[in-house]
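Everything below concerns the one structure shown next.
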Amino acid sequence: MDTNQLVAHARARFEHESARRVLREKYQAKFIFAHAGGMWQAGPELLSTLNCCTMDKEVVLLDLYETPVKINTKELWNLAAERWQECMNAYLVEYEQLNRNR
């Protein structure tokens with residue numbers, strides 16, 4: 001490999017990592033949603049916390065901004081699980097397309 005090929009290869013690797021980082025940040029923002037006067041981020045942490053609570057009960061949880069919010073656990077779990085799955089499916093499609101373009 002000559003120097004130009006090495007530089008082109010390094011540039012392509014850097015651009016790919018940069019594109020992956022931008023894609024991750026894009027979908028992290030899409031995980032955030034509002035419910036019951038609070039802001040929540042769908043993900044394993046929220047879903048696990050809600051699973052630990054008794055379903056069909058109202059509990060007080062801290063939202064993303066550390067504000068205590070009274071929520072129905074079943075309702076919030078359904079919204080969070082739906083948002084998580086939608087975003088992860090779309091994220092996977094874009095991620096695989098990014099890897100194919102590489």
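Sort Y27, Y65 so the one with the fewest other Cβ atoms within 10 Å of its own Cβ comes first. Could you put the intermediate results ahead of the total?
Details: Y27 15, Y65 8.
Fewest-to-most Cβ neighbours within 10 Å comes out as Y65, Y27.
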When averaged across all projection directions, what area in nm² does the alpha-carbon convex hull of the range 24-69 cover?
3.5 nm²
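Once fully extended, how much extra length lies between N99 and E75, figured as 0.36 nm per residue of separation less the alpha-carbon to alpha-carbon distance? Could you put the intermediate results ahead of the total?
On the way: separation 24, 0.36 × 24 = 8.64 nm, distance 3.62 nm.
The N99-E75 span can extend by a further 5.0 nm.
Could you size up the charge dipole of the range 3-101 around its Cα centre, putting +1 on the beta carbon of Lys and Arg and -1 on that of Asp and Glu, and report it in debye to the nearest 20?
Using Cβ point charges on Lys, Arg, Asp and Glu, the range 3-101 gives about 380 debye.
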In percent, how large is the relative contact order of the range 3-101, given Cα pairs closer than 8 Å and 6 or more residues apart?
27 percent
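No lab work stands behind these numbers, since they all come straight from the coordinates. Values in this document were obtained by computation on a predicted structure and should not be read as measured data. Because the Cβ atoms are built from the backbone with ideal geometry, glycine has one as well, and the counts that use them run over all protein chains shown.
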